[in-house]
Amino acid sequence: MRTAMTLLFFASLCRAQQASGVVEGETELEKALAAGNGLPRLVAFGAYQSREIAVNAIYQATIQARTGAVVQTGTLTPRLGGFVYSPQPQDRLVVKLPTGTHEFRFSKIQGNAQAPNPQAWLGANHELAYTHKNGDHGEATLIVKYVNGRFDNTMKGWFRHAGVQYAYDLRAVGTYGFNQDMSGNQSTSDYALTGTMKADKFDLKVDERHKFVLVSASGGRGLKTATATHSVDTCRNTLKRGDTTYTWVDATTVKAFFDGKPGRPLTDWKASGQLRKNGKPYGTFEYVCKITAPVWKRIKKRYHGRLLIVLTAPDQVVVLEQYRAPGGLFR
């Protein structure tokens, strides 16, 4: 049951990704700059989700099939908070989630065969090679290697965003750590993301660095579990559009969330860096906090508004990311 609930949890993460802060933009240039600033990061996050869904699906199919062997094919269909397994098709593993249907074809699965659950398997050294198709939204070939806290993942495929189809060839190399005790757990990641992403009039060379920390504190005895995340994303990408080249120069954003809502907007959110056009300064990256008058609720101050990551250029302000801040803690 826990594996089934984990699959449904990742379905909710897919929804969160679809509602992420990366904006679509209005003009073609704004769309291109927003895509160049945020889409590679979303692809890397999608690959992380893909690995989790794939391994949880294998465990769930193996439990349901009761054959004594690892099951990599068939269909998992949600029912009454869990999943029902059927052995067809026999050439791929199909997972039907509320967010869509996922198809996996595995060419390599290597890891701890004695791991009691997907989390333990993913926490040990492992290697995966497979293709993942998500309906008409995209398809990718992934090679995932994790050894002693270090990972080396390659992602090659295509996906659609805001009506545009992108092809990508990316590699993420870095470290991942996880610690747990009676009070909760903490996971950290620090990785470099490189490669290419292309579409019509869009040729992006990717050079990014991402640091992420998630802390989850257990409430115990039915109390709510609190989560907090902190991320630092640095972009040094290069975008070619015809004869024009845009270069991100140490464009860095810092963001924090508490229980899924933006937190500490006045202290923990930041943006800096420069964008160059054909080698000359073109704009700067800035954080804008648009908060309405805070209200008192249960003694604590709460706020509503929008948090924006923008590119300020001489003739325009381009919104690259935006987040709603409904009722977050005002600090």
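The values are calculated or read from the model by the stated rules, or taken from the named source; none is laboratory data. As the structure is a computational prediction, the values presented were derived from the model and not from experiment. Cβ atoms come from the backbone with ideal geometry, glycine included; neighbour counts cover every protein chain shown.
Below is a table of values for the structure above.
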quantity	calculated
Residues (farther than 23 Å from ILE143 by Cα and either touching a Phe, Trp or Tyr at 6+ places or on another chain (Cβ under 7 Å) or of a type in the set (Asp, Glu) (or both)) located in the stretch 77-115	THR77
Subset of the stretch 260-282 [touching a His at 6+ places or on another chain (Cβ under 9 Å) and assigned to a strand (DSSP E or B)]	none
Any hit, the stretch 62-71, residues being under 28 Å from PHE151 (Cβ atoms) and under 26 Å from the mean Cα position of the chain (by Cα)	no
Top-ranked residue in the stretch 301-331 [being among the basic types (Lys, Arg) and under 22 Å from the mean Cα position of the chain (by Cα); ranked as modelled with the lowest pLDDT]	ARG324
The stretch 141-155 residues that are surrounded by fewer than 16 Cβ atoms within 10 Å (Cβ to Cβ), paired with ones that are charged (D, E, K, R) (beta carbon under 8 Å, 6 or more apart)	THR141/LYS156; ASP152/LYS145; ASP152/ARG171
Among residues of the stretch 159-181, those that are in contact with a Gly (Cβ under 6 Å, 6 or more places away or on another chain), surrounded by fewer than 17 Cβ atoms within 10 Å (Cβ to Cβ) and under 30 Å from GLU30 (Cβ atoms), counted	1
Looking only at the stretch 226-256, and only at residues there that are β-branched (Val, Ile, Thr) and touching a Gly at 6+ places or on another chain (Cβ under 7 Å), the one that is nearest to MET197 (Cα to Cα)	VAL249
Matching residues in the stretch 107-126 - criterion: being part of a strand (DSSP E or B) and under 12 Å from ARG51 (Cβ atoms)	ILE109, HIS126
